[in-house]
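Step one of this worksheet: look at the structure below.
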Amino acid sequence: MSHADLVHRGLPHGGLPQRHDGRLPQRHDGGLSHGRLPHGRLPHRRYDGRGLIQPRSSMTTTQPTGVGIGLRREHFAAIEQCERRVGWLEIIPENYVAHGGHALANLRWCAERWPVVAHGVSLSVGGPDPLDEDYLVGLRRLLDELRAPFYTDHLCYATIGGVNFYDLLPLPFSEEAVHHTAARIRQLADRLERPVAVENISYYATMPGGTMSEGQFVSAVVEEADCGLLLDVNNVYVNAQNHREDPRASLAALPLHRTMQIHIAGHVKEGERIIDNHGRPLIEPVWALYEQALQAVGPVPTLLEWDTDIPALDRVLDEADRAQAIWERVASSWSPSHAPRTARSA
Amino acid sequence: MSPDDHGGALAAFFAQMKPYLLGQQALAPTLRALGPPHGSEDDFSFYRVLAERNLFKVMLELYGPLRTLWLRRQDELPAAVGTWRAMVDEYIAAHPPAGRHPNCFGEALPEFLAARRERIPEQPVVYEELADFCWIRTRAHQAPDDEGDGFDSRLFVRQYSYPIPDFVAALGRDSQAPVPEPQPRVLLVYRHWQQLQVRLFHPSAAGLVALARRQGVEVPAPLQAVPSDHVEIADAALVEHGVLGPRVTAPA
């Protein structure tokens, strides 16, 4: 998945009234007290059986639960009219920080109705360039306004010496990269004053200089950074196929006990390679892997991604409904003692 | 850490990957410096493909109408004008992708094309005008909300030699739409100050004076004779159409 697939380059849509209720930003709005947890560490919560889709008021939590979808400009008009269940929304914050106009107005409208979390694509947490402090100020302001409980980005680099490749590029799986990246994730969490989780990316080549497996690398980074894992199940499958590994073993090798959120998506075959393009329905093996992941980590919020060849909102919600059914089935019977040993003891 | 640092293997990795991904360094010297990849060279070099693919995708999405016209005419125009691909490659070399948002990569294209036409007079003027319109339309759409009148952010004053907005619309309906006859006109491309829609407006001479006064720039000599009551009416019309916000008067 590349940044180029995720950003707004669109042109005018019908106007939405600008709505902003003037609420003061609140870091933590009751419920879970992240302040007493390490960076990015969220407790498992059992499914409480309540409806998932209630529009929130100023007193309710912004915590996402169940299955959500990405907020994409192609759906701005449809989501205003949508009467189906939309659990929560995930945005690409780069499309809103220092931007205005219709997209920001639509986001504010949505944020009054659903929990919204932000999933960045450009921070280059593993990269060599200093974190962009000006951008982080704007990002934190946006997260505060959304009352986003945490922030997620990718375990990768994207920028070198000011040149941005607009992609999620893999690091060498080395000790040096672990220390470098973990320190920057801690710095990021400090700047944003909220937990951070990093996503296991899809990678098509193992970079020279590595000394460990992907699972060892991701585990080492999140443990040293004391942050969360955004577990991308499709990436696990794509990587396993491309590198001729067993996806279930690849899943188990990740630090599942750190999982704060799950991503699921479709992919496409290009020659001998599987590309993580978020442009297709999930295939059955990925659905099965998703259920296995949920059984391991418990009912953490899950995001159905569809970012290229985006169909009508109803089609995306059909796919989200299928994920929601799996999520509810697992959540109804899950307890930490049910989690596989790899998930509890990693 | 700087990619040019010599302090560690990771810095050396970045120092090699930057020119490689930009297409400035071949695979062989890159792998000689980094060591062999754990998988195939084909897998490693796929990242070069992805990096290039991303940049062309950004150009497609930002400058779709220009690309449509360029591809259609690249075989009929003099060879010096070049193909779309050659032009984008030149642009990447001159303006390596920078900026957090991919749109930033396309920002310099209108100026790049204008400068290119100085070197290659066969390159049609309509190309750079299309590029400019595509760019400012995007800028107006995404500009921050709190920038006052928003000149050169939410509101752009342009004089094109072709009816560019009509041509863009025509290309959207039919990729074979003919290039229109030149028809110089001044137009405003702006996001309505309240309704968040990008619109066009053709100002009168009085309207141009009203805009100049709002922006605090000197009114050109040929326009200084416009009666002030006409300017006031034009200012009100600009507010009514959402080009400008209401004038803020200082409290007494």
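Read-outs throughout are calculated quantities, based only on the coordinates presented, and are distinct from any laboratory measurement. Note that the structure is predicted; figures quoted are calculated from it, not measured. As a convention, Cβ positions derive from the backbone with ideal geometry for all residues, glycine included, and neighbour counts pool all protein chains shown.
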Packing-wise, with mean Cβ within 10 Å as the measure, how do B:64-75, A:240-251, A:199-210 rank, highest first? A:199-210, B:64-75, A:240-251
DSSP beta bridges in the protein assembly as shown, what fraction antiparallel, as a percent rounded to 5? 40
Give a residue-ordered list of calculated ³J(HN,Hα) values for the stretch B:34-49 (Karplus: 6.51 cos²θ - 1.76 cosθ + 1.60, θ = phi - 60°; whole Hz; x for Gly, Pro). 8, x, x, x, 6, x, 7, 5, 4, 5, 4, 6, 4, 5, 5, 4
Hey, what do the phi angles of the stretch B:15-28 turn into as Karplus ³J(HN,Hα) couplings, whole Hz, using 6.51/-1.76/1.60 and θ = phi - 60°, x for Gly and Pro? 4, 7, 5, 4, x, 5, 5, 7, x, 9, 9, 6, 5, 4
For peptide A:152-164, the mean count of other chain Cβ atoms within 10 Å per residue Cβ is 4
Hey, can you rank B:192-200, A:160-168, A:221-229, B:25-33 by average C-beta count inside 10 Å, highest first? A:221-229, A:160-168, B:192-200, B:25-33
Using R₀ = 60 Å, calculate the FRET efficiency as 1/(1 + (r/R₀)^6) where r is the Cβ-Cβ separation of residue A:85 and residue B:204; round to 0.05. 0.70
Suppose each label sits 7 Å from its Cα in the direction of the beta carbon; what would the residue B:95-residue B:185 distance come out to in nanometres? 2.7
With a 10 Å cut-off between alpha carbons and a GNM built on chain B, which of B:207, B:150, B:35 moves the most? B:35
Neighbouring partner chain Cβ atoms per residue of B:136-149, average, 10 Å criterion: 4
Taking every residue of B:59-67, the Cβ atoms of other protein chains inside 10 Å of its Cβ average out to 1
Between residue A:216 and residue B:76, with labels modelled 7 Å along Cα→Cβ, what's the label distance in nm to one decimal, could you check? 6.2
Sorted by chain and then number, the residues having a modelled amide H within less than 5 Å of the amide H of residue B:185, at least 5 places away or on another chain, are B:160
Given contacts defined as C-alpha pairs under 8 Å and at least six residues apart, what's the relative contact order of the stretch B:40-202, whole-number percent? 18
Taking only DSSP H segments of four or more residues, each worth -39500 (n - 2.57), what value at 222 nm results for chain B once the sum is divided by all its residues, to the nearest 500 deg cm²/dmol? -16000 deg cm²/dmol
What FRET efficiency would be calculated for the residue pair residue B:27, residue A:131, taking the C-beta separation as r and a Förster radius of 41 Å, to the nearest 0.05? 0.85
May I ask for the distance between the Cα centers of the stretch A:96-169 and the stretch B:137-187, given as a whole number of Å? 29
